[in-house]
Structures are given as structure tokens and as C-alpha cells.
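Below is one structure, written out as C-alpha cells; the observations come after it.
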Amino acid sequence: MAQSFLVNRRSSSPAGDRPSPGRRLSAALRDRLAARRAFADQVIALAHLVGRPVLNSEGTRVGKVADILVRWDPGVTYPPVTGVLVPLGRAFGLIDQRAVILSQTGVRLRGERNVVSRPIRRDGDVALARDLLDRQLVDIAGVQVVRASEVYLVNGPRGWELAGVDVGVRALSRRLLPRRRKCPPVDRVIDWAELHAFVPRFVDTGSGWEAGPAVAAGSPGSGVQLGDAAAKLKMLRAKEFAAILADLPPARQAELAVLAQPSAAAEALAALDPEQCEALLAELDEPDRNRLRALLIGQGT
């Protein structure tokens, strides 16, 4: 549970033990992350790690960090780090997490041999920089759409784990500044235990992402992380969805429209004033805009 996070965490948590949606922006997690920062290399900010050097056991640079891989299986609250992705020419190599020492300033190989394997995406794998960083997080209970500005890893009793994400503006702006040797302070942090699943865009059935929380990670047009209200978003009928859209600006309307049931989204958009509908569509990228226009044509709009 989020309340015991960084103190007495468990690798899995029954559904009934999950924190309530109202605690999404977790002050408790923020305080615990801040406390852990007092100890060197106990918390790592992903965006400040990507691009850092990978050193061999003698301290010679042999590459750089391209991404961090975690495995998010059903029932796992805090996904463990499984490897480090490094560029190898035009491709990538994967170094097993057991062969490296992670820190905020880079990665060091434990042994003398540089053992790198070819990365193969398996169900449950999440490449944090590619699949999560800067992606949308949607909470329809609070009707808010935010982006993952930073991703935090914590070194616990079972090794490095995905701890949570920062959705604050300050966390985003810090990425434009020179990188620190220590993990930067958090801004508005969300405990990973309060997040539900990656959900694909424009999919009429939830069967794919219900099969596993990371099934949609990395697939074209997906990479969107939803909170506990993910299932509710897919179940909304057109009138309910239209009611949520009514009080939102076009940019927020667009972000929700590509995540709802396509049939419900199209019917809700058809009920909008034509100028409102066009303003919403203008906020979308071309593939999403074309998909919604096709659905609207099917509605006779």
C-alpha cells in the first residue's frame, strides 16, 4: 500500500488494499521520497539518468543509458527493474540488472565482462523512458489529465523498483537545466500503487489491457497510463461522456476523447456544437483526428 511505501513495501497487493483515488497526489510518498534522497543513490530520477555513462568495472566508459526496463505483471504493485537498455549501433542491447550497479550519475558493470543480450519485448515489459515518460495519465474521477514529467526508482530490500511518477511543472522544467549528481526534489508525485494499466487508444474492448497492466505498453498509439478509473472510462456511455466533456477546454476534451470507447466518443462529439467539435479535433494529431472524423461520418455528422 502507498502508506507503507518505502517503509515496509510488498511486491504485490490485493485489490482491496489499494489506496483510494482521492490520495492520487500522495503527500506521504513525496515526504518518503524526500527522506530517501538524504541517502546517496536510494532514489533515482529516470529523466536525469537517461544519457548518463555506462562504465565497466575499471571505470572506462563503454556506452550510455538509453532506457530502464521494468516488468509489470498482474498483481505486482511496484514493478522491479529488470535491465538497462544501451545503444549498440542502430539497435539496442540489454544488460541484466543483476550485472549492474545503478546510481543517479550512471551505471557501472559489476564484472569484467560486458554481457549484453538482444532485447525482446515480453508481456509485462515496460521501457520507462519510451513507454511512460511524458505520457498522459488520466483520472476521470477528478476529471484531470496530466503528464508524467519524471519517473522515480527506489532501491529497496528487493532491489530497484518503480516507485511513482511526478506530474508537476517544476519536474518538467528541471529537465531543461544541467543535471544534478543527486536525485532532484519531487514536485507533485503519484504513487505507482495508485495506477492501474496502460490502455490503447481507440479500442472498443478492454480485454487486451485487462489481461495485464502492461499489455498495451509500447504498442502504436498507446502508452497512456490510467488510474483506478480506467475501467470506468471505457464503460462510459455517450451521455455520461458528453457530461464530462462539457466543462473542459478543447485540449482536455481531445485528450479524453482518444481514450474513451470510440462509439461513445463519436456520439458525444456529434452532440457538440460544430465549432466546439472542430476546436476539439484541431487539438488532435492527424491519425487520431482522421479516426474520429471517420467515426463521426458513421454517426451521420
* Structure fact -> Filtering region 109-134 down to residues that are basic (Lys, Arg) and over 21 Å from Pro184 (Cα atoms) yields Arg110, Arg113, Arg118, Arg121, Arg122
* Filter the helices (runs of 4 or more DSSP H) completely within region 244-292 down to those with at least 1 residues that are within 23 Å of Ala216 (Cβ to Cβ). => 250-257, 262-270
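Ala251: in contact with an Asp or Glu (Cβ under 6 Å, 6 or more places away or on another chain) and either small (Gly, Ala, Ser) or not assigned by TED's automatic domain parsing to the domain that holds Asp134 (or both), yes or no?
Judged against the criteria, Ala251 is a match.
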* To do: Pairs only if they're at least six apart or on different chains, beta carbon under 9 angstrom, first in region 106-128 and over 20 Å from Thr77 (Cα atoms), second at pLDDT below 90 and of a type in the set (Ser, Thr, Tyr); list them, first residue then second.
  => Arg108/Ser57; Leu109/Ser57; Arg110/Ser57; Gly111/Ser57; Glu112/Ser57
* When the residues of region 40-75 are filtered to those that are assigned to a loop (DSSP other than H, G, I, E, B) and among the hydrophobic types (A, V, I, L, M, F, W, C), which remaining residue is surrounded by the fewest Cβ atoms within 10 Å (Cβ to Cβ)? -> Ala40
* Asked: Any idea which of (1) buried (at least 20 other Cβ atoms within 10 Å of the Cβ); (2) closer than 13 Å to Leu46 by Cα; (3) not small (Gly, Ala, Ser) is the one Tyr78 doesn't satisfy?
  -> (2)
* Asked: Looking at region 89-106, is at least one residue within 19 Å of Ile44 (Cα to Cα), assigned by TED's automatic domain parsing to the domain that holds Ile68, outside any strand (DSSP E or B) and over 23 Å from the mean Cα position of the chain (by Cα)?
  -> yes
* What number goes with the only condition from (1) touching a Ser or Thr at 6+ places or on another chain (Cβ under 6 Å); (2) modelled with pLDDT under 90; (3) buried (at least 18 other Cβ atoms within 10 Å of the Cβ) that Leu94 does not pass? -> (2)
* Hey, among the residues in region 256-265 that are over 9 Å from Leu292 (Cβ atoms) and modelled with pLDDT of 70 or more, which one's surrounded by the most Cβ atoms within 10 Å (Cβ to Cβ)? -> Ala260
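The values are calculated or read from the model by the stated rules, or taken from the named source; none is laboratory data. These numbers come from a predicted model, not from an experiment. Here the Cβ is made from the backbone with ideal geometry for all residues, glycine too, and neighbour counts use every protein chain on show.
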